[in-house]
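Note sheet for the following structure.
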Amino acid sequence: MRRNLFVTLITILGGIALFAQNPQMPGGAEYCSHKKMMGTNLAKSTDFSPNSPKHSFDVLNYTLNLDIFNCFASPYSQYFTGSNTITLQVDSTLNQINLNAANSSLVIDSVSAPCTTYSHTGNVLTIQLDQTYNPGDQITLTIYYKHNNVEDGAFYANNGFVFTDCEPEGARKWFPCWDKPSDKATLDLTARVPLNVKLGSNGRLQDSTIVGNALYYHWISIHPVATYLTVMTGKVNYNLDIVYWHKISNPNDSIPIRFYFNDGENPGPMEDIIGPMCTYFSENFGEHPFEKNGFATLNNEFYWGGMENQTLTSFCPGCWDEGLMAHEFAHQWFGDMITCGTWADIFLNEAFATWIETFWNEGQLGYSYYHQQIVGCANYYLSNNPGWAISEPDWAINTPPLDVLFNYAVTYLKGACVLHQLRYVLGDSLFFAGMNAYATDIINFKYQSAVIIDFRDKMEEVSGQDLDWFFDGWTFSPNHPVYDNTYYFEDMGDGTWNAYFLAKQVQTNTGFFTMPIELKIFFGVGQDTIIRVMNDVNEQQFTFNFPQQPLMLYFDPNNDIVLKQASLSVGEKEYFSKPGGIAMIIKPNPSNATTNIQFNLSEKALVDLRIFDLTGKEVSLEVNAQKEKGEHIVTIDGSNFEPGVYYCRLVAGGKTETRKLIISK
């Protein structure tokens, strides 16, 4: 919610009306959310626990050979025959393998050795092996199967169009697989189609061979693909344009980007944009990670939005939209190259793509436009918040309903705002360094899966900061802070003025949110200063001393904590005299050598005295110990500090006092 400086809470417009009237909203995210919420590829929680991201085996490669020739001709049957050769590595001792295979869609004809027997019930294909295998062993077996002539929401065949659409768990409807996002495998796909069909899939086109009246397309992905991102898209008389993006690392090398489109459509503007977009993303998140990429518009059965299949994104018919393309193309880095380890980690996919959509606009139209979009995201979330966290632990085992998993307000918009707030907490230099380090970590994440804690740890590693408090509050807890802040100015009678500020959160539907907060003190036209302090306990009181009269105080003046509701009021002097502060005196101040911090304790208490710079970064821990009742003096050696303004924060007995310290040399 946008900030309110002095009076009452700003009233937020109703979410739907707000979105419809706000041109700054990231439209690609809405396309994506609504498309996925209207899907059908949700597996029953009774299938079996994924134990994700760890499992008893790791699929290394799927080799699919599919005869979909008749699916392109009237009466457009969904029936096809196929085989799937699976190579896997054993991770724990086993003598059987369980795979996902939807009973209503697939009929298993046979399974090759080392299978001895198999059963196909409850959407699970159980394969008994010829012996007990140990960790590190590799197994290869082939499953021969048929796809029934059924509409299952994952395999589509109609009017000369054949395509797949699998998120979150629809791949099991068109090929037997271990259908969880953490298990990524390389892909080798061959499909038999009529001569007048163009067909795309993941990876590169190895070859296309004519045999009689049929064309065999052979696609290979050398980079592992999550099952829900595995795709096959074909159409009679498909239009195809190919543009080439030249690598930053080697301009003589290029990547083909394929545009499949229907008659009457014009992908030309998007073909012009994709090169600069790929460069912009590559500069910030590491060079484009795949051998090719592409986009394909489908038919009216895919009637909303897009789906970020790895290297071949699906669009609704005619949906050559810049925002949608930015959102889905961002997924090639975050979602495809690095895939959420479980569905509890969907933040790593959708929040990232939504934020990057706004970041693309920042690159084109400036930071102000970007911030307008982020504020629009926050306002929509605040008006439509369903009240759950971005990530719930149970989702790692039991895939939630689609309208929860792909909830527009929480998964997409709140998620994007959380990334913006992380940018605010760390500053641009550390934030973008962390994002790049996460995306280019070839040991742990690139072409693999990750969970939210992995991302947190990487950002901690790069920033050198503990970020548990940030992720605990903003991703693993529901809702948002509601601030009811108070301030007061006091003439100290010696030519100086004190500004008192009380940071107070009053929400009852979640816990306290730790955040650095900024306060702008206004002294007159062209005269103001911004102070940044860490608000890490509720009802925390801060005191600042100035050599001139302050006229006004603004809370979060740049509205960087967008996920909030806030009011700010002027209090009375007596309000700040109540218990909640500690009498603290700093002398001399300013200081060019040593200075003393004097305080008095009414009873024995744990005293914590720290010094922070203007960014809110802790620069010194002076005291953290039990102190007896009475007066205490702590001497600060100013020679240890660079010249500048600092803030001393004293916490004792549940009371907090903050005062400014000026070091001059």
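Note on region 653-663: residues that are of a type in the set (A, V, I, L, M) and either in contact with a Leu (Cβ under 6 Å, 6 or more places away or on another chain) or assigned to a loop (DSSP other than H, G, I, E, B) (or both) total 0. Which one of these does Gly387 not meet: (1) farther than 16 Å from Phe476 by Cβ; (2) of a type outside the set (S, T, N, Q); (3) not in a helix (DSSP H, G or I)? Of everything listed in (1) farther than 16 Å from Phe476 by Cβ; (2) of a type outside the set (S, T, N, Q); (3) not in a helix (DSSP H, G or I), Gly387 misses just condition (1). Filtering region 135-156 to residues that are among the charged types (D, E, K, R), more than 33 Å from the chain's Cα centre (by Cα) and in a loop (DSSP other than H, G, I, E, B) leaves only Asp137.
Has region 623-639 got any residue that is on the phi > 0 side of the Ramachandran plot and either surrounded by fewer than 14 Cβ atoms within 10 Å (Cβ to Cβ) or not assigned by TED's automatic domain parsing to the domain that holds Gln541 (or both)? Yes - at least one qualifying residue is present in region 623-639. Restricted to region 253-281, and to residues there that are among the aromatic types (Phe, Trp, Tyr) and part of a helix (DSSP H, G or I), the residue that is farthest from the chain's Cα centre (by Cα) is Tyr280. The set of residues in region 69-105 being in contact with a Phe, Trp or Tyr (Cβ under 9 Å, 6 or more places away or on another chain) and in a loop (DSSP other than H, G, I, E, B) consists of Tyr76, Gln78, Asp91, Ser92, Thr93, Ala101, Ala102, Ser105. Return yes or no: is Ile442 surrounded by fewer than 17 Cβ atoms within 10 Å (Cβ to Cβ), in a helix (DSSP H, G or I) and modelled with pLDDT of 95 or more? Taking the combined requirement at face value, the residue does not satisfy it. Does Thr411 meet the test of being part of a helix (DSSP H, G or I), buried (at least 24 other Cβ atoms within 10 Å of the Cβ) and modelled with pLDDT of 95 or more? Against the criterion (part of a helix (DSSP H, G or I), buried (at least 24 other Cβ atoms within 10 Å of the Cβ) and modelled with pLDDT of 95 or more), Thr411 qualifies. With respect to the stated conditions, Leu519 is farther than 17 Å from Pro547 by Cβ, at pLDDT 95 or above and of a type outside the set (Lys, Arg).
Put simply, of Leu650, Leu614 the only residue that is under 19 Å from Ala503 (Cα atoms) and either basic (Lys, Arg) or assigned to a loop (DSSP other than H, G, I, E, B) (or both) is Leu614.
Could we say that Ile453 is surrounded by fewer than 19 Cβ atoms within 10 Å (Cβ to Cβ), of a type in the set (Val, Ile, Thr) and within 20 Å of Ala389 (Cα to Cα) here?
Values: surrounded by fewer than 19 Cβ atoms within 10 Å (Cβ to Cβ): yes; of a type in the set (Val, Ile, Thr): yes; within 20 Å of Ala389 (Cα to Cα): yes.
Yes, satisfied.
For region 248-262, name all the residues that are touching a Ser or Thr at 6+ places or on another chain (Cβ under 6 Å) and over 14 Å from Cys278 (Cβ atoms). The answer is Phe261, Asn262.
Taking the conditions (1) under 25 Å from Lys235 (Cα atoms); (2) aromatic (Phe, Trp, Tyr); (3) modelled with pLDDT of 95 or more in turn, Phe57 satisfies each one other than (1).
Looking at region 305-321, which of its residues are of a type outside the set (S, T, N, Q) and buried (at least 18 other Cβ atoms within 10 Å of the Cβ)?
Gly305, Gly306, Met307, Glu308, Leu312, Phe315, Cys316, Cys319, Trp320, Asp321
Remark: pairs (first residue in region 526-538, under 20 Å from Glu657 (Cα atoms); second residue among the acidic types (Asp, Glu) and assigned to a strand (DSSP E or B); Cβ separation under 6 Å; 6+ apart in sequence or on different chains) = Ile530/Glu518; Arg532/Glu518.
For (1) at pLDDT 95 or above; (2) surrounded by fewer than 19 Cβ atoms within 10 Å (Cβ to Cβ); (3) in contact with an Asp or Glu (Cβ under 6 Å, 6 or more places away or on another chain); (4) within 24 Å of Asn103 (Cα to Cα), each residue gets a yes or a no:
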residue	(1), (2), (3), (4)
Tyr144	yes, yes, yes, yes
His147	yes, no, no, yes
Val150	yes, yes, no, yes
Val162	yes, no, no, yes
Arg172	yes, no, yes, yes
Pro176	yes, no, no, yes
Leu189	yes, no, no, yes
Val193	yes, no, no, no
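Candidates are the residues of region 564-585 that are of a type in the set (A, V, I, L, M) and at pLDDT 85 or above; the one that is surrounded by the fewest Cβ atoms within 10 Å (Cβ to Cβ) is Val570. Given the criteria more than 15 Å from the chain's Cα centre (by Cα), in a loop (DSSP other than H, G, I, E, B) and either surrounded by fewer than 23 Cβ atoms within 10 Å (Cβ to Cβ) or of a type in the set (Gly, Ala, Ser) (or both), does Asn284 qualify? For Asn284, the condition - more than 15 Å from the chain's Cα centre (by Cα), in a loop (DSSP other than H, G, I, E, B) and either surrounded by fewer than 23 Cβ atoms within 10 Å (Cβ to Cβ) or of a type in the set (Gly, Ala, Ser) (or both) - is not met.
Note on region 597-641: residues that are in contact with a Lys or Arg (Cβ under 7 Å, 6 or more places away or on another chain) and aromatic (Phe, Trp, Tyr) total 1.
The values are calculated or read from the model by the stated rules, or taken from the named source; none is laboratory data. Fair warning: this is a prediction, and the values are worked out from it, not measured in the lab. Glycine also receives a Cβ, built like all others from the backbone with ideal geometry; neighbour counts cover every protein chain displayed.
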